[in-house]
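What follows is a set of notes on a single structure, which appears directly below.
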Amino acid sequence: MGDSAKRVRAQSKICGRLNLIFVTVGNDFRAFDRLLKKMDEIAPSLPEKVLVQKGYSTYCPKHTEYFDFVPMNLATEYLLKSRLVVSHAGIGTIILCKQHGIPLLILPRRKKHEEHMNDHQLEVAQALEKRKDGNIHVLYEEDRLREKVLEILGEKGRGRTVEDMGRLNLIHAVREFLQTTLR
Amino acid sequence: MKSHKKIGLICSPGGHLVEVLQLEEAFKDYSFFFLTYREKATLNRKDTYCMSNFSKNPFSLITGILKILYIFLKERPRVLFSTGAEIAIPSFYIGKVLFRTKLIYLECSAQVYTPSLTGRWVYPLTDLFLVQWETLLSEYGPKAKYVGGLI
């Protein structure tokens, strides 16, 4: 775990505020630099802090904190602290965001850019887009990433607020207390 | 596997109970029991102790205290959790003073600007004190925390 991840973790213990845009590209051994570069470029102009899980990507963001991998429980914690998750069209992230009602913007990894072995992520993205689920947003090219992120965060009722997250944050706070107290 | 370490969940029936049940997931790794009032709206489950409602009849506080003592001796809770109402006051004081339990109090989401009587009573004793409105933080001391609310 990198220093930045430790820092975020320490902060997250202090309060349960939703102040993150969590970017995650999963565990595939291929890089997904296309998303990371664009995210890095637009991060300074976004209203929330961006935290990046870069996996095996070669690009290291200059304007955001990042780490390559953290254990699942910590990744889930970041997810739960996010107003918006931006990710590849990976199943793990999609399930977790769906389960917890977290708005998700997906940009599928493409075969033509050697981001994945085939275009299954494209199919997943298209299938989800058809469903018109208010919580899942799809982009196919990264050029409009900033507009899309701002649109989701700005839309009324979209982009989570601390109010939406109350129950989970309370459960988290109580669990954390019990775990430290009842060791 | 569930830990044998016990948690006592203490609340009056109705909204306070609904709030505890909303957070049941937080207690899933531990064994726990409920302590509530004997009312029509009370939970019908095996893990529930009931005492008479001393907010209706103050004299029943005496038998209530004995009942709390009996339950705590039997169950030996390590942590008590409550969302109110006043049933938390004798339970928390007995728990803290006689059994050295750790105490978690979650102020009910009905308290937006004004602290509850129970909240004021138990605040000094609690180890984790949570409020459900940011506007309530300034009414309590630095120990109070806000991480969100249920409504």
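Identify the residue in region A:119-151 that is in a loop (DSSP other than H, G, I, E, B) and over 23 Å from A:Arg30 (Cβ atoms) and, among all such residues, is least open to solvent (accessible area, probe 1.4 Å).
Step one: list which residues in region A:119-151 are in a loop (DSSP other than H, G, I, E, B), which gives A:119, A:132-135, A:139-141.
Within this subset, residues satisfying the condition of being over 23 Å from A:Arg30 (Cβ atoms) are A:132-135.
Working: A:Lys132: 168, A:Asp133: 49, A:Gly134: 34, A:Asn135: 54 Å².
My answer is A:Gly134.
Residue-wise test of (1) more than 17 Å from the chain's Cα centre (by Cα); (2) within 14 Å of chain B (Cβ to nearest Cβ); (3) at pLDDT 85 or above.
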| residue | (1), (2), (3) |
| --- | --- |
| A:Leu139 | no, no, yes |
| A:Asp143 | yes, no, yes |
| A:Val149 | no, no, yes |
| A:Gly159 | no, no, no |
| A:Met165 | no, yes, no |
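On the basis of being surrounded by fewer than 19 Cβ atoms within 10 Å (Cβ to Cβ) and not in a helix (DSSP H, G or I), does B:Tyr70 make the cut? Lay out the reasoning, then the answer.
On the way: surrounded by fewer than 19 Cβ atoms within 10 Å (Cβ to Cβ): yes; not in a helix (DSSP H, G or I): no.
Spelling it out, it is not the case that B:Tyr70 is surrounded by fewer than 19 Cβ atoms within 10 Å (Cβ to Cβ) and not in a helix (DSSP H, G or I).
Yes or no: region A:82-101 includes at least one residue that is open to solvent by 40 Å² or more (accessible area, probe 1.4 Å) and assigned to a loop (DSSP other than H, G, I, E, B).
Looking for residues that are open to solvent by 40 Å² or more (accessible area, probe 1.4 Å) and assigned to a loop (DSSP other than H, G, I, E, B), one finds none in region A:82-101, hence no.
Of the residues A:Lys49, A:Lys62, A:Lys38, A:Lys98, only one is touching a strand residue (DSSP E or B) at 6+ places or on another chain (Cβ under 7 Å) and basic (Lys, Arg); which? Step through it out loud before you land on a result.
Details: A:Lys62 fails: touching a strand residue (DSSP E or B) at 6+ places or on another chain (Cβ under 7 Å); A:Lys38 fails: touching a strand residue (DSSP E or B) at 6+ places or on another chain (Cβ under 7 Å); A:Lys98 fails: touching a strand residue (DSSP E or B) at 6+ places or on another chain (Cβ under 7 Å).
After applying the criteria, what remains is A:Lys49.
Taking the conditions exactly as written (basic (Lys, Arg), surrounded by 16 or more Cβ atoms within 10 Å (Cβ to Cβ) and either in contact with a Ser or Thr (Cβ under 6 Å, 6 or more places away or on another chain) or in contact (Cβ under 8 Å) with a residue 12 or more places away in the chain (or both)), does A:Arg167 satisfy them or not?
Numbers: basic (Lys, Arg): yes; surrounded by 16 or more Cβ atoms within 10 Å (Cβ to Cβ): yes; either in contact with a Ser or Thr (Cβ under 6 Å, 6 or more places away or on another chain) or in contact (Cβ under 8 Å) with a residue 12 or more places away in the chain (or both): no.
Answer is no for this residue.
What number of residues within region B:33-62 satisfy the criterion of being touching an Asp or Glu at 6+ places or on another chain (Cβ under 7 Å) and under 28 Å from A:Leu178 (Cα atoms)?
Here is the first cut: in region B:33-62, the residues touching an Asp or Glu at 6+ places or on another chain (Cβ under 7 Å) are B:33-34, B:53, B:55.
Then keep just the ones that are under 28 Å from A:Leu178 (Cα atoms); that gives B:33-34.
Qualifying residue count for the region: 2.
Would region B:50-64 turn up any residue that is closer than 25 Å to B:Leu136 by Cα and not hydrophobic (A, V, I, L, M, F, W, C)?
Step one: filter region B:50-64 for residues closer than 25 Å to B:Leu136 by Cα, giving B:55.
Add one more test, that the residue is not hydrophobic (A, V, I, L, M, F, W, C), and what stays is B:55.
The answer is yes; a qualifying residue exists.
If we keep just the residues of region B:78-97 that are open to solvent by less than 10 Å² (accessible area, probe 1.4 Å) and not aliphatic (A, V, I, L, M), which is farthest from the chain's Cα centre (by Cα)?
Looking only at region B:78-97, we keep the residues that are open to solvent by less than 10 Å² (accessible area, probe 1.4 Å), and these are B:79-84, B:87-88, B:91-92, B:95.
Keeping just the survivors that are not aliphatic (A, V, I, L, M) gives B:81-84, B:91-92, B:95.
Working: B:Phe81: 4, B:Ser82: 2, B:Thr83: 5, B:Gly84: 5, B:Ser91: 8, B:Phe92: 8, B:Gly95: 11 Å.
The extreme case among them is B:Gly95.
Conditions tested, residue by residue: (1) at pLDDT 90 or above; (2) open to solvent by 30 Å² or more (accessible area, probe 1.4 Å); (3) in contact with a Gly (Cβ under 9 Å, 6 or more places away or on another chain).
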residue	(1), (2), (3)
A:Ser4	no, no, no
A:Gln11	no, yes, no
A:Ile21	yes, no, no
A:Ile42	yes, no, no
A:Val50	yes, no, no
A:Gly55	yes, no, yes
A:Cys60	yes, yes, no
A:Thr64	yes, no, no
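For region B:1-48, name all the residues that are β-branched (Val, Ile, Thr) and either more than 16 Å from B:Ala110 (Cα to Cα) or in contact (Cβ under 8 Å) with a residue 12 or more places away in the chain (or both).
Going through region B:1-48, the residues β-branched (Val, Ile, Thr) turn out to be B:7, B:10, B:18, B:20, B:36, B:42, B:48.
B:Ile7, B:Ile10, B:Val20, B:Thr36, B:Thr42, B:Thr48 - these are the residues of region B:1-48 that are β-branched (Val, Ile, Thr) and either more than 16 Å from B:Ala110 (Cα to Cα) or in contact (Cβ under 8 Å) with a residue 12 or more places away in the chain (or both).
Restricting attention to region B:123-149, and to residues there that are aliphatic (A, V, I, L, M) and touching a Leu at 6+ places or on another chain (Cβ under 7 Å), which single residue is nearest to the other protein chains (Cβ to nearest Cβ)?
In the first step, residues of region B:123-149 are kept if they are aliphatic (A, V, I, L, M); the result is B:125, B:128, B:130-131, B:136-137, B:144, B:147.
Remaining after also requiring touching a Leu at 6+ places or on another chain (Cβ under 7 Å): B:125, B:130-131, B:144, B:147.
Values: B:Leu125: 15, B:Leu130: 6, B:Val131: 11, B:Ala144: 12, B:Val147: 3 Å.
Across region B:123-149, the extreme among qualifying residues is B:Val147.
Identify, from the list B:Ser116, B:Ser109, the residue that is closer than 26 Å to B:Glu25 by Cβ, more than 14 Å from every other protein chain (Cβ to nearest Cβ) and not aliphatic (A, V, I, L, M).
Step by step, each of B:Ser116, B:Ser109 is checked, and only B:Ser116 is closer than 26 Å to B:Glu25 by Cβ, more than 14 Å from every other protein chain (Cβ to nearest Cβ) and not aliphatic (A, V, I, L, M).
The values are calculated or read from the model by the stated rules, or taken from the named source; none is laboratory data. Since this is a predicted model, take the numbers as computed values, not measurements. Here Cβ is always computed from backbone atoms with ideal geometry, including for glycine, and neighbour counts include all displayed protein chains. When the accessible area is computed, the model is the full protein with side chains, heavy atoms only, and any ligands, DNA or RNA have been set aside. Shrake-Rupley method; radii C 1.70, N 1.55, O 1.52, S 1.80 Å.
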